[in-house]
Amino acid sequence: MHIQLLPQKIPVGISRCAVGDPVRYNASHKHSKVCTQLLGNCFELHSYCPEVAIGMGVPRPPIHLIVSDRLRAVGREDPTMDVTDALEAYADQVVPEVEHLRGFILMQKSPSCGIRTTPHYKEDGTGVLAHDSGLFTARLRHHFPHLPVEEVGRLNASDIRENFLTRVFAYDAWHRYVATDLRPGRVIEFYTAYKYLLLAHSQPLTRALGQFVSNSRTMSVEDFAYGVRGKMMEILNHQASRKDRTNALMHSQGHLKGYLNKEERAELARLIDEYRQGNKPLSAVLTMLRHYLPRSPHHFIHSQVLLAAEPAELGLCEFR
Ligand code: SF4
C-alpha cells in the first residue's frame, strides 16, 4: 500500500444552519467559520436541514424530544404536534443521497441534529432525563454506524478537530482502498498501515484488534471487514494521548535504529523524550523520523500512516 497526494476534497455532510443558511426555527443561523473556512479547505460540504426537508417551514414552531412510549419529537408549545415519523422517514429516505459522505458535522443540542447534547425531556416536558442524539442523527448512525460524526461547537477545539480529521480521512481511505476491492489481504494491509497510528490512540484496544485479526480465519470477508473497520473507527475516536503517541513513536524509532549511528540514535531518543515531556511538538519528531525513513528497506515502516503526514495533511493522501 502506497500513500500519494489526493487531488480532490472529501465529501462531508453538515447541518444547514452551520453553513450560514437562516433555517433555524426562528429564521436565524449558527454559521461556523471553523467549518466553512478551515475545514472547508479539505472537505466538500453538503448541507442538510431535516426540519425544513419535512416541510416544517421557516420560521416554525420549535420542537423538543420527549421520552414517551418511545422517543418523540413534539411541539414545545403544542405537544399534539408530533413530527417523529416524518423526521425518521426523512432520515431513511435520504440514505442513498448521503452514502458517499465520509463524515457528518451536526448542530449540538438540536432535537434533530444533536449527537450527544440534545435534551431528552420527561413526557410532560418538565425535567431532562438524559442528553443524547437528535432523531435525524440517531437514524443516520443506525444506517452508517462507523461514519465519523462530530458536533459543530466541539470542532472549535483544535484537538477535537484534529481527531475528527483523522477519523474522516481513515473512513475515506477505507472506502477508496478496501471497499472498492474487498479481499481479506486488502483489509489486513490497511489495518497494518494504520497500526502505529491506532497505537497512538489506544494501546489496549489496538492489541484487542490485533487478536481479532488473528482469530478471523473462519469469518466471511464481509464480517471480517466490517469488524476491522468498526474497531478501527472506535479506536480513532479516542483522543490520542501524549503517552500513547510517545509509545507509537518509540516503536517507529525501533525499526530505524539499526540504520542510524550512535549520535543519530541518541538525538532521536532525546527528541522523543522531549516530546513526551511536552517540550517539543509532534511535528519535530515526525520530521526527524521521516528524514531517516529512506534508510530502512522494510515496507512495514514505510507504509505507516503515522509517519506519512500530519493529521491535517492526511486528507490530501491517496492510498494505492
Ligand atoms: S439544527 Fe438541524 S434541523 Fe435545526 S436548523 Fe440546523 S440543520 Fe435544521
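Table for the structure above
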item: Single residue of Leu249, Leu260, Leu198 found to be of a type in the set (A, V, I, L, M), out of contact with any Gly (no Cβ under 8 Å at 6 or more places or on another chain), over 22 Å from Ala173 (Cα atoms) and crowded, with 21+ Cβ neighbours inside 10 Å; result: Leu249
item: Which listed residue is outside the structural domain of Gln37 (by TED's automatic domain parsing) and within 19 Å of Tyr226 (Cβ to Cβ), from Arg167, Arg141; result: Arg167
item: Search result, residues across region 114-144 that are within 22 Å of Lys9 (Cβ to Cβ) and open to solvent by 10 Å² or more (accessible area, probe 1.4 Å); result: Phe144
item: Top-ranked residue of region 5-25 - restricted to ones that are modelled with pLDDT under 95 and in contact with a Leu (Cβ under 7 Å, 6 or more places away or on another chain), ranked as farthest from Glu99 (Cα to Cα); result: Leu5
item: Any hit, region 234-242, residues being touching a Leu at 6+ places or on another chain (Cβ under 6 Å), modelled with pLDDT of 90 or more and closer than 24 Å to Trp174 by Cα; result: yes
item: Residue within region 112-131 that is more than 16 Å from the ligand (Cβ to nearest atom), under 17 Å from the mean Cα position of the chain (by Cα) and closer than 30 Å to Val52 by Cβ present; result: no
item: Index of the failed condition, Ser28 passing every other in (1) more than 8 Å from the ligand (Cβ to nearest atom); (2) modelled with pLDDT of 95 or more; (3) open to solvent by 40 Å² or more (accessible area, probe 1.4 Å); result: (3)
item: Residue list for region 96-105, restricted to those being assigned to a helix (DSSP H, G or I) and open to solvent by less than 30 Å² (accessible area, probe 1.4 Å); result: Val98
item: Yes/no for Val23 being part of a loop (DSSP other than H, G, I, E, B), under 28 Å from the mean Cα position of the chain (by Cα) and farther than 21 Å from Gly125 by Cα; result: yes
item: Hits in region 31-44 - residues which are touching a residue at least 60 places away in the same chain (Cβ under 8 Å) and open to solvent by 50 Å² or more (accessible area, probe 1.4 Å); result: Leu38
item: Only listed residue being within 26 Å of Asn237 (Cα to Cα), touching a Lys or Arg at 6+ places or on another chain (Cβ under 8 Å) and in the same structural domain as Leu129 (by TED's automatic domain parsing), chosen from Val94, Val12; result: Val12
item: Any strands (runs of 3 or more DSSP E) falling wholly within region 117-216 and containing at least 3 residues that are modelled with pLDDT under 95; result: none
item: Given (1) away from the ligand (no atom under 16 Å from the Cβ); (2) out of contact with any helix residue (DSSP H, G or I) (no Cβ under 7 Å at 6 or more places or on another chain), index of the condition Arg102 fails; result: (2)
item: Selection count where residues are in a helix (DSSP H, G or I) and over 10 Å from Pro111 (Cβ atoms), scope region 43-74; result: 2
item: Pick from region 55-89, criterion of a type in the set (A, V, I, L, M) and over 19 Å from Arg16 (Cβ atoms), ranking: surrounded by the most Cβ atoms within 10 Å (Cβ to Cβ); result: Leu65
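The values are calculated or read from the model by the stated rules, or taken from the named source; none is laboratory data. Everything numeric here is computed off the predicted structure, so don't read it as measured data. Methodologically, a virtual Cβ is constructed for each residue, glycine included, from the backbone with ideal geometry; neighbour enumeration extends over all protein chains shown. All accessible areas refer to the heavy atoms of the entire protein, side chains included, with ligands and DNA or RNA removed. Shrake-Rupley method; radii C 1.70, N 1.55, O 1.52, S 1.80 Å.
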